[in-house]
């Protein structure tokens, strides 16, 4: 089974997905593009991507938040890295930084919206049920990721949703 990392550069909406199977020692882009990454001195990397070689310097690293500041040439980049668990938590609308509520709740899996339990303007507390999603013949109660106010409801009772589809939008409560 392949392991995945989700990498966002400068807060890009769509992550670069890196994969590695149990036998592989290096991470490669899921789209199959060949990449050669070599670690040099501490915090210095040589990257060969699409026939172009660049040197990347790690300027600052916050392992707890999974964020790295990297300098390539004269430009600074913010790179966030999520493992599969952290990516799922984000998809569910839970931010791994304590006390911070993601403004969007997205479908964690494809399914059918059985019931929407909130409407725009409703205040919710952490773990309040906000909707019921049926997936693989199981009812899944989706809960509020934190104290917030529902600002938009995109989920519609009786409608199918795809994994990652926007269900609710929150504002800080």
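The numbers here are math on the coordinates, done by the rules we state, and not lab data. Not measured: the values here are computed from a predicted model. Glycine also receives a Cβ, built like all others from the backbone with ideal geometry; neighbour counts cover every protein chain displayed.
Below, the figures for the structure above:
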item	result
Mean Cα-pair separation over length for the range 54-93, i.e. relative contact order, pairs under 8 Å, 6 or more apart, %	28 percent
Cα extents of the chain along the three principal axes, largest first (Å)	53, 33, 22
Distance (nanometres) between label positions extended 7 Å along Cα→Cβ at residue 83 and residue 19	2.0 nm
Protection proxy ranking, peptides 28-41, 118-131, average beta carbon neighbours within 10 Å, highest first	118-131, 28-41
Helical contribution to [θ] at 222 nm, DSSP H n ≥ 4, -39,500 (n - 2.57), averaged over the chain, rounded to 500	-1000 deg cm²/dmol
Separation in nanometres of the label points that stand 7 Å from Cα toward Cβ, at residue 63 and residue 49	2.4 nm
Dimensionless Rg/Rh of the range 100-172 - Kirkwood Rh, Rg from C-alpha atoms	0.94
log10 of Debye I(q)/I(0), alpha-carbon scatterers only, for the range 3-84 at 0.24, 0.25 Å⁻¹	-1.50, -1.55
Gain on full stretching of the segment that runs from residue 123 to residue 36 - 0.36 nm per residue minus C-alpha separation	26.4 nm
